[in-house]
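Throughout, read-outs are computed from the coordinates displayed, never taken from laboratory work. What you see is a predicted model, and the numbers here were worked out from it, not measured in a lab. Using ideal geometry, Cβ is built from the backbone for each residue, glycine included, and neighbour counts are taken over all protein chains shown.
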Ligand SMILES: *Cc1c(COP(=O)(O)O)cnc(C)c1O
């Protein structure tokens, strides 16, 4: 039931103090023509309403959430504590630098840490999400080519295993996407790449995720970035998930010029439900002068705001989602130099443990000897033999209080379930989840109908997903509802 349907005229929770400033009349043309619809409820009913909504959803605090490529790790509560300190919440973005030295220090230390983790020389904290970071990085690459008088470079190479945001960001940045198919092993086809690049002076660059969305680390990565550089292109690293490599391998050392990170994945700040997120972008020295926004820089023994010489402008107002940055820095400092590689080590171990146990009954796409932070199950065989699809398995998981893995992605695997357990899950949780997966496989063969009808224990049962996508109902119609 919507909050508007629970509303009763005259009920309310407001106890506003008397107005202590001059009341200004709003001109006739600025007045509303119709009544403003606000729910009117008692505080207790409102509180129950939101608690009820919370119970209907599933988050990391409710149970296992192996949503591949999304890194749904646990977000330590101390991050929240740091982000709620008054020195961070009570400041104004236009305050002079000498009054916000602490905030500048957070920006500086975060930038330094991210540079060290990725092998970049500069970071901007402005972008508000991963896709926003991709867009920023591509604008940097574009600015670089234009500054070199290289106006023909408009083509960007994106492998078929890329996250959907990659080609979308490229098109937004005014580039033309060239798709390069993967090898049967799920890696970049180096020969095809060479064919596309050889002597091609229209290549702006390459966008790549490594390890890729199938959880595979490309052993040819140096060769790949060399091919791009030798035709004059730039290499962009999609580092939304650094969970497999942080503390072990650095995009900068792999030959990448530019990278974005999702603080709201790898660096344990909350995500889902629309943000706020943070997608900082790092680059090497030759791109630094185009960086957007301002950064914290040391000047005469204090920190000050500094703008890049040929900055491409503002990607977002002020300093990005600053409190997300505070959370991420807290996480980085809590883990420290030893904890960061340990976290990725455990993430990779957990993924491999699950993959090995599940491979007794489930086909693993590309069948890697070891995976990185995630792996992809291919439900194609079950679908053919029993009619039970990846979708049915996902729905069956819901009845077992497990959030399904990412489904039908990467597109190169038709019945894909992409699982990423993350480092924060215990062996017991993994064992329970493995048991559920194996049980669902059994049900697929003994009683497929049960899975076609799942879920049955959730607030809403099987949805018409096509209908929801094609005819979404996104707003509440007061006229219709009042009839
Ligand atoms: C999540 C993700 C993105 C996009 O990040 P948003 O913050 O959702 O925009 C891009 N690439 C990869 C590989 C991702 O996993």
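Quick look at the values:
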| read-out | value |
| --- | --- |
| Mean-position separation - Cα centroids, the range 252-305 and the range 60-82, in angstrom | 21 |
| Order by protection proxy (mean Cβ within 10 Å, highest first), peptides 55-67, 389-401 | 389-401, 55-67 |
| Residue exposure sequence - 298, 415 - by fewest surrounding Cβ within 10 Å | 298, 415 |
| Residue-averaged 222 nm ellipticity for the chain, from DSSP H runs of 4+ at -39500 (n - 2.57), nearest 500 | -11500 deg cm²/dmol |
| Rg to Rh quotient for the range 355-427, alpha carbon positions, Kirkwood Rh | 0.95 |
| Rg to Rh, two decimals, where the range 251-338 supplies the alpha carbon set and Rh follows Kirkwood | 0.98 |
| The range 12-65 shape via C-alpha gyration tensor axes, a/c threshold 1.5 | prolate |
| Average Cα contact separation per residue, the chain, under 8 Å, 6 or more apart, as relative contact order % | 19 |
| Rg(Cα) / (2.2 N^0.38 Å) computed for the range 388-450, rounded to two decimals | 1.14 |
| Principal semi-axes in Å for the range 309-460 [√(5λ), Cα gyration tensor, largest first] | 35, 19, 16 |
| Fraction of the pair-distance distribution of the range 1-140 above 24 Å, Cα-Cα pairs, percent | 66 |
| DSSP bridge pairs, the range 195-284: antiparallel proportion in percent, nearest 5 | 25 |
| P(r) histogram, all alpha-carbon pairs of the range 182-328 included - 10 Å bins from 0, percent | 10, 32, 34, 19, 4, 0 |
| Kirkwood-based Rg to Rh ratio, the chain, C-alpha trace | 1.00 |
| Order of 281, 473 - criterion: other Cβ atoms within 10 Å of each residue's Cβ, fewest first | 473, 281 |
| Along principal axes, Cα extents of the range 135-255, largest first, whole Å | 37, 28, 25 |
